[in-house]
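What follows is a single structure, written as structure tokens, with notes after it.
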Amino acid sequence: MTSHRYVYGVVDGDPVEFETDAVAGADRVYTISHRRLGAVVSDIDTTDPEETDEDAQRHDDILREIMIDRDRAIVPMQFGMAFESDRTIKNVLRGARPAFRRAMNDVEGRIELGLKVVRNEDAEVDDDAIEEAVAEELESIAAQSVPNGLFSDRLVLNRSYLIEREDREAFDEAIARLEEADSHDEVTVRYTGPFAPYSFVDVEIGAQR
Amino acid sequence: MFVLDDLLFRPFVGIVDTLHTLALDEMYDIDALEDELKENQLLYEIGDRSEEEYRERKEELEAEIEIAQEVHERLSSGRVEVKS
């Protein structure tokens, strides 16, 4: 039974459809629309998918393909949103229409990038000075930024940045300057992305999946 | 002082039970294990941990998280047997 639908995100306007390695072994993503909003989905046989590394990667890859390769704005869902039927999805699109519209405005033309600054083993670093240097380089370029959890003692900084696509080069250059800074013997800079802007979208999807 | 009140006003078996629950909570701290899982990934990504070390630690941590989740489920359903 593959009557359930796994949702990657929500687009505005023309439907998205292509063949790909999708979550849980599906081989195609397509769009279920309500008026102009469309949920990008693939078929699945459960409403509670297990988050394996491979499927989490497929979820990310599909969002990236829509956003970067196909140049479409998409409001991303976190991994794991699966619904019982097309009707349930249309109800969600109808019910959360204003929230999706607002989120669409926030993400249109923008990408998310991640930065982690990791203290090298046994190095002693001035966390405040590093935070200050990073903020000075990046905050003026970014449209928004949010802190993420410091899940390791080695992490000095962990932030996500939302930037306009046309500012990507300026952002890359600023990161390169940080990597070349005096402190580079003490820290390692881990720069990731682009991602769909998960960290900047706050759409809660209701209970009746 | 939730713990103190709890200890003072519950009978002896209750004290053992409470201490045991607190110890289990600390031993099976899911958030701490998940943080360690993320740290393992990060250290692998920046080249501080070999692929073999990374995979081995990942498997260990995932198994520990599974056990911790089971323990917490049992704690919340009161099915953990307390032996003194």
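Just a few scattered comments:
- Meeting the requirement of 2 or more residues that are under 26 Å from A:Ser145 (Cβ atoms), the strands (runs of 3 or more DSSP E) wholly within the stretch A:1-111 are A:4-12, A:74-76.
- Each residue in the stretch A:166-205 was checked for being under 22 Å from A:Glu65 (Cβ atoms) and either within 14 Å of chain B (Cβ to nearest Cβ) or under 14 Å from the mean Cα position of the chain (by Cα) (or both), and 12 of them qualify.
- A:Ala123 vs. criteria more than 14 Å from every other protein chain (Cβ to nearest Cβ) and either surrounded by fewer than 15 Cβ atoms within 10 Å (Cβ to Cβ) or not polar (S, T, N, Q) (or both): no
- Residue match in the stretch A:116-135 (condition: under 17 Å from the mean Cα position of the chain (by Cα) and either polar (S, T, N, Q) or within 24 Å of A:Thr20 (Cβ to Cβ) (or both)): no
- Condition check for A:Asn105: more than 14 Å from chain B (Cβ to nearest Cβ) and either out of contact with any helix residue (DSSP H, G or I) (no Cβ under 8 Å at 6 or more places or on another chain) or under 26 Å from B:Asp48 (Cα atoms) (or both): yes
- Scanning the stretch A:138-159 for residues that are in contact (Cβ under 8 Å) with a residue 24 or more places away in the chain and part of a strand (DSSP E or B), we see that the one that is nearest to the other protein chains (Cβ to nearest Cβ) is A:Leu155.
- Pairs, first without any contact (Cβ under 8 Å) to a residue 60 or more places away in the chain and surrounded by fewer than 17 Cβ atoms within 10 Å (Cβ to Cβ) in the stretch A:90-106, second of a type outside the set (Phe, Trp, Tyr) and not in a helix (DSSP H, G or I), C-beta under 6 Å, six or more apart: none
- Lone unmet requirement of (1) at pLDDT below 95; (2) more than 14 Å from every other protein chain (Cβ to nearest Cβ) for A:Ala135: (1)
- Scan of the stretch B:42-53 for residues that are assigned to a helix (DSSP H, G or I), more than 9 Å from chain A (Cβ to nearest Cβ) and either surrounded by fewer than 17 Cβ atoms within 10 Å (Cβ to Cβ) or in contact with an Asp or Glu (Cβ under 6 Å, 6 or more places away or on another chain) (or both), ordered by number: B:Glu51, B:Glu52, B:Glu53
The values are calculated or read from the model by the stated rules, or taken from the named source; none is laboratory data. Keep in mind that this is a model prediction, so the values were computed, not measured. Glycine also receives a Cβ, built like all others from the backbone with ideal geometry; neighbour counts cover every protein chain displayed.
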